[in-house]
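Student: Have a look at this one.
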Amino acid sequence: MSSYRTPAGAPNRIAARFAALRAEGRGALITFIEAFDPDRATSEALLQGLPGAGADLVELGVPFTDPMADGPTIQRAGQRALKAGATLPGTLELVRGFRAKDGTTPVVLMGYYNPILAYGPERFCSDAAEAGVDGLIVVDLPPEEADELTAHTVPNRLELIRLVAPTTDETRLPFVLAGSGGFIYYVSITGITGTRSTTEAHLAEAIPRIRRATDLPIAVGFGVRTPEQAAMAVRIADAAVVGSALLDTLAADLDESGRARPGTVEKVLDQVRALAAGVRGARREAA
């Protein structure tokens, strides 16, 4: 079996990518898609096309039957994916195929702990690293219960990316950040994904507070949908995460049977290009 692990001693792909972007003086665009949505071939084509369209990092959703933190858009994407036969091993195979063609773009799996627990945390972390995964976001795994996973993420050089919410107070923040890696995912709204958007005033207050507690890059998600919102996010933080807006475009272009049309993938990638243009021009406009 081929290995796509980052070579021992080399920087993790996430750290290397953020370092390169800092040298360029710009923020990052992080795109989210759901594995196997609406089928394996379409999600594979999207995954392969995202870096060329301007995605600096890729989050790949692991479909789950009870996605409690996700809004209707991602819930429906997960349902389509599960109907198409999505599994955790199948998701790792998507990453393996991606890694065979792209050795530098960071890939982060985002999902819930139950599939990992069923797979076996030790085996999962080993297999994920071998497939070329760089980081994990496990939205329902609090720091208090993370030891059984971090025991295996660390030796496999997988970054465990923690979520920080607007409700995370000064007492809780250092505890949440302890053991974090890769970047900090700032959940810019309270509630579920894809339902509301944050404001510049809110980010201008929240992001400096988090910066005082960590040296890790900070990504803003849960409410970034447009190039203008992505640009606003990277003027204050280090990255913008866009997911629901891309999945809405995908869903709107499916045929009556729920299948992708000939131009569906390109429509989503065109949207990524527009988001990337917003992100890449954001700090030049502010200068």
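The values are calculated or read from the model by the stated rules, or taken from the named source; none is laboratory data. As the structure is a prediction and not an experimental result, all values here were calculated from the model. Positions of Cβ are generated from backbone atoms using ideal geometry, with glycine treated the same way; all protein chains shown enter the neighbour counts.
Student: Would you call Gly243 buried (at least 21 other Cβ atoms within 10 Å of the Cβ) and modelled with pLDDT under 95?
Tutor: no
Student: Restricting attention to the stretch 250-287, which residues are at pLDDT 95 or above and within 27 Å of Ile184 (Cβ to Cβ)?
Tutor: Matches in the stretch 250-287: Val268, Gln271, Val272, Arg273, Ala274, Leu275, Ala276, Ala277, Gly278, Val279, Arg280.
Student: Shifting gears a bit: Have a look at Gly132, Gly182 and point out the one that is small (Gly, Ala, Ser) and within 14 Å of the chain's Cα centre (by Cα).
Tutor: The match here is Gly182.
Student: In the stretch 127-152, how many residues are surrounded by 16 or more Cβ atoms within 10 Å (Cβ to Cβ) and over 22 Å from Glu34 (Cα atoms)?
Tutor: Number of matching residues: 5.
Student: Given the options Thr42, Thr73, Thr65, name the one that is in contact with an Asp or Glu (Cβ under 7 Å, 6 or more places away or on another chain), surrounded by fewer than 23 Cβ atoms within 10 Å (Cβ to Cβ) and farther than 21 Å from Leu158 by Cβ.
Tutor: Thr73
Student: Now for a different question. Please verify whether the stretch 30-37 includes one or more residues that are among the small types (Gly, Ala, Ser) and modelled with pLDDT of 95 or more.
Tutor: yes
Student: Looking for whichever is touching a Leu at 6+ places or on another chain (Cβ under 8 Å) and not acidic (Asp, Glu) here; the options are Pro262, Pro227, Pro208, Pro217. Which one fits?
Tutor: Pro227
Student: Right, next: So is Val234 more than 20 Å from Leu47 (Cα to Cα), crowded, with 22+ Cβ neighbours inside 10 Å, of a type outside the set (Phe, Trp, Tyr) and in contact (Cβ under 8 Å) with a residue 24 or more places away in the chain or not?
Tutor: Yes, satisfied.
Student: How many residues does the stretch 97-153 contain that are among the polar types (S, T, N, Q) and either assigned to a loop (DSSP other than H, G, I, E, B) or touching a Ser or Thr at 6+ places or on another chain (Cβ under 9 Å) (or both)?
Tutor: Selection size over the stretch 97-153: 3.
Student: Could I ask something else about it? Determine which member of the set Arg22, Arg17 is crowded, with 19+ Cβ neighbours inside 10 Å and part of a helix (DSSP H, G or I).
Tutor: Arg17
Student: Just name the residue that is nearest to Ala45 (Cα to Cα) out of those in the stretch 261-282 that are touching a residue at least 40 places away in the same chain (Cβ under 8 Å) and in contact with an Asp or Glu (Cβ under 7 Å, 6 or more places away or on another chain).
Tutor: Thr264
Student: Filter the stretch 202-217 for residues that are outside any helix (DSSP H, G or I) and touching a residue at least 40 places away in the same chain (Cβ under 8 Å); which is farthest from the chain's Cα centre (by Cα)?
Tutor: Ranking the qualifying residues of the stretch 202-217, first place goes to Ala213.
Student: Among the residues of the stretch 238-267, write down those that are among the hydrophobic types (A, V, I, L, M, F, W, C), in contact with a Lys or Arg (Cβ under 9 Å, 6 or more places away or on another chain) and not in a helix (DSSP H, G or I).
Tutor: Val242, Leu254
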